[in-house]
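Q: Supplied in structure tokens, the structure appears directly below.
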Amino acid sequence: MSFKDSQFDYLFSAIADKYPAIAQKTDTTQFQFAGSPMAAAWTKGDSYEAHQFANHVPADVNGFYTPNPGELSNAYGSLIASIDPGVDGSKDPTYIKLIKQKQDAESAQKSNLDQMKAAWATYVQANTDPKTGQPAMSFDDWKNSEIGGLEYQNAIDSKQAELDDITKNIATLVKSFNAALAQDQEKFTDDKYQAQYTRKGTPVQLPEITIEGDLGQDVSNWDNAPEGSYDLDVTLTKDSEVKTPWKTLTRTDVSQHCFKTSVTSKTTSSRIINDSHYKLRVMLKGFKSYNITFGGWYDSTYVSPNTAKFSPASTVNSETFFAANGGALHMIPSQVWVMYQPEIELTISSELYKETVKGDLESNIDWLDILSMRFSADAGHSIVKEGETVTTISFKSPTLQGPQVYGVTSLLEVK
């Protein structure tokens, strides 16, 4: 097998050798590497921070995870309220009136979300730290901050409360058409299936979503592990083989994630990878997956383009929720993979190093990305051992850097 320009296939295969769960059911799930540096900002899996991370659907179906600012639970609420209760229900004037109210509220909510997305994009562009690749505030912190997107979040929360009331009214009416469907619709707004979270010191009630495990304890265990011990330690070379394919729906922009710096670089990843002395060692002091679980409000049988049948009175259709581009529920996160204190050793011929990477490193770049992992190029974070034949460049993450999202496994629900 020829060595491809993209290293993600080989890295994924190497990880799967040690962690088979990352490759399980690859016909119905997709693993996405983190599209950009992203902090794993929770410790307890039942916290508000964990809920907020898990309550996002990937924005795209390519191989790189970026959370959509829209929320999974709200999209599910819209889905369940749009399911066809039966022929009688679709002709009932009261039902049709409620569906129209729901559509008007959803249209207003879409406008709210679009405004928030635009404001967030503007904030990220102006406030991203080039060394970490992360904005000054995470999206979830920004949307709850008075100097950030709180006004947008308040508008979204207000409209969602209106949508929840409409959903309750629809469920009450649907009882006379389809008792089983009405029961599932009622679960979405039933307090029994909500959980109490704390947001900036204030209790809030939200549909229950949990990231299992104890990340805080795991970080403590990793910190106390012996020096030089790694949960993941893999080496990629020209002799590497792909035994477990990395399956993605699209392969957009794969190559640009392999190697890039904070300055415009003429170095192509293919030139590095095809070097006769190429070797890339990836070491993660901590590496673990955490399952994402939903409360009783969620019924996965409805979340499928093959089973979701929509009311003729509704303007939504299967593409609204399951289209590859823009589908509100086209992928459902099931696992988040977390890494801690990554290190990289890149070995190439000294001649190629002088022609390519050396110029970048000596041009006072702030950072370098290898395989979506960002490393500071400051003194102390990068070490170059330049020999007559080969050169090895080592990169370590800052000592105080917290756990990072390495990738997300999602259930594929694409039409």
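The values are calculated or read from the model by the stated rules, or taken from the named source; none is laboratory data. In this text, all values refer to a predicted model and were calculated from it rather than measured experimentally. Cβ placement follows ideal geometry from the backbone for every residue including glycine, while neighbour counts extend to all protein chains displayed.
Q: Which count do you get for residues in the stretch 184-219 that are crowded, with 16+ Cβ neighbours inside 10 Å and hydroxyl-bearing (Ser, Thr, Tyr)?
A: Looking only at that region, the number is 4.
Q: Ok, one more. Among the residues that make up the stretch 293-314, is at least one of them surrounded by fewer than 17 Cβ atoms within 10 Å (Cβ to Cβ), of a type outside the set (Gly, Ala, Ser), closer than 27 Å to THR43 by Cβ and touching a residue at least 40 places away in the same chain (Cβ under 8 Å)?
A: Within the stretch 293-314, one or more residues are surrounded by fewer than 17 Cβ atoms within 10 Å (Cβ to Cβ), of a type outside the set (Gly, Ala, Ser), closer than 27 Å to THR43 by Cβ and touching a residue at least 40 places away in the same chain (Cβ under 8 Å).
Q: Same structure again: Residue check: is VAL61 in contact with a His (Cβ under 8 Å, 6 or more places away or on another chain) and closer than 20 Å to PHE294 by Cα?
A: In short, no.
Q: Those residues that are modelled with pLDDT of 75 or more and over 23 Å from the mean Cα position of the chain (by Cα), I need them from the stretch 254-285; list them, please.
A: The answer is ARG271, ILE272, ILE273, ASN274, ASP275, SER276, HIS277, TYR278, LYS279, LEU280, ARG281.
Q: I'd like to know if the stretch 198-205 contains one or more residues that are of a type in the set (Val, Ile, Thr) and within 28 Å of ASP9 (Cα to Cα).
A: no
Q: Continuing with this model, one more query. Consider only pairs whose beta carbons are under 9 Å apart and that are at least six residues apart or on different chains; among these, list those whose first residue lies in the stretch 76-90 and is closer than 25 Å to HIS330 by Cβ and basic (Lys, Arg) and whose second residue is modelled with pLDDT under 90 and in a helix (DSSP H, G or I).
A: Short answer, once both residue conditions are applied: none.
Q: Then there is this: Farther than 30 Å from LEU98 by Cβ, at pLDDT 90 or above and not in a helix (DSSP H, G or I): does that describe TYR230?
A: Here the answer is yes, as TYR230 does meet what is asked.
Q: Moving to a separate point now. Please work out if SER176 is modelled with pLDDT of 90 or more and either within 25 Å of the chain's Cα centre (by Cα) or not in a strand (DSSP E or B) (or both).
A: So SER176 does not fit the description; no.
Q: Restricting the search to the stretch 137-164, which residues are among the hydrophobic types (A, V, I, L, M, F, W, C), modelled with pLDDT of 90 or more and outside any loop (DSSP other than H, G, I, E, B)?
A: TRP142, LEU150, ALA155, ILE156, ALA161, LEU163
Q: Restricting the search to the stretch 42-58, which residues are within 14 Å of GLU71 (Cα to Cα) and in contact with a Gly (Cβ under 8 Å, 6 or more places away or on another chain)?
A: Hits for the stretch 42-58 are HIS56, VAL57.
Q: Evaluate the following for ASP275: is it among the charged types (D, E, K, R), farther than 23 Å from LYS25 by Cβ and in contact with a strand residue (DSSP E or B) (Cβ under 7 Å, 6 or more places away or on another chain)?
A: For ASP275, the condition - among the charged types (D, E, K, R), farther than 23 Å from LYS25 by Cβ and in contact with a strand residue (DSSP E or B) (Cβ under 7 Å, 6 or more places away or on another chain) - is met.
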